[in-house]
Amino acid sequence: MKAAAAEHLERRLQLRCQDEARIGQNGRTAHRWWERGQCPAGLCDKRFTSAYLCAAACPATGADFALVMPTVSTTAMSLFLDGFSRSLEPDVQAVLVLDQAGWHGSPTLVVPDNITLVPLPPYSPELNPVERGWLYLRERFLSHPLLDD
């Protein structure tokens, strides 16, 4: 944060955390209360179609930006960063904390001028608050889904 503040004196800094999550038809199952010895009723979809939800959120205010992408790649990340950049106010410099996925540090990644990327240490998803958001969504809304298409 200090380095970004020193580099962008004329802008307000905003801390944001970014992550991607695969969501789809063959997703994670959740726990259900049911009578012992009986199989709980529930729909099950055995197809494998999925999409990726990319999001950036501010832990302090809850402000967020998200896109649903068909895949994760350097191109998809560049599109996400472009959309996120355009959603920021003109005088804001976003300090975006993210994991070290291959497409986040690619030399071909296009990072807008109003975004500063800060990678987390390797193997430390617990440091990214967006991970808790994925857990909440999966347990309450995305488990046991049966989609029409």
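The values are calculated or read from the model by the stated rules, or taken from the named source; none is laboratory data. Values in this document were obtained by computation on a predicted structure and should not be read as measured data. Virtual Cβ from ideal backbone geometry, glycine too; neighbours counted across all protein chains shown. When the accessible area is computed, the model is the full protein with side chains, heavy atoms only, and any ligands, DNA or RNA have been set aside. Shrake-Rupley method; radii C 1.70, N 1.55, O 1.52, S 1.80 Å.
Couple of notes before you dig in:
- Base-10 log of normalised Debye intensity for region 93-141 (one unit scatterer per alpha-carbon) at q = 0.16, 0.19, 0.20, 0.30 Å⁻¹: -0.57, -0.74, -0.79, -1.11
- Of the accessible area of region 52-120, computed with a 1.4 Å probe over protein heavy atoms only, carbon and sulfur atoms account for 60 percent.
- Other-chain or far-sequence residues with amide H under 5 Å of residue 117's (modelled H): 96
- Listed values for region 101-109 are Karplus-derived 3J(HN,Hα) couplings in whole Hz (6.51 cos²θ - 1.76 cosθ + 1.60, θ = phi - 60°), namely 4, x, 6, 6, x, 5, x, 8, 5, and x replaces Gly and Pro.
- 12 Å beta-carbon shell around residue 91, net charge (K/R +1, D/E -1): 0
- In summary, region 52-111 shows an alpha-carbon radius of gyration equal to 1.11 times the 2.2 N^0.38 Å reference for compact globular proteins.
- Computed from phi, the 3J(HN,Hα) profile of region 12-24 under the Karplus parametrisation 6.51, -1.76, 1.60 (θ = phi - 60°) reads 7, 8, 10, 7, 10, 10, 10, 7, 10, 9, 7, 10, x Hz, with x in place of Gly and Pro.
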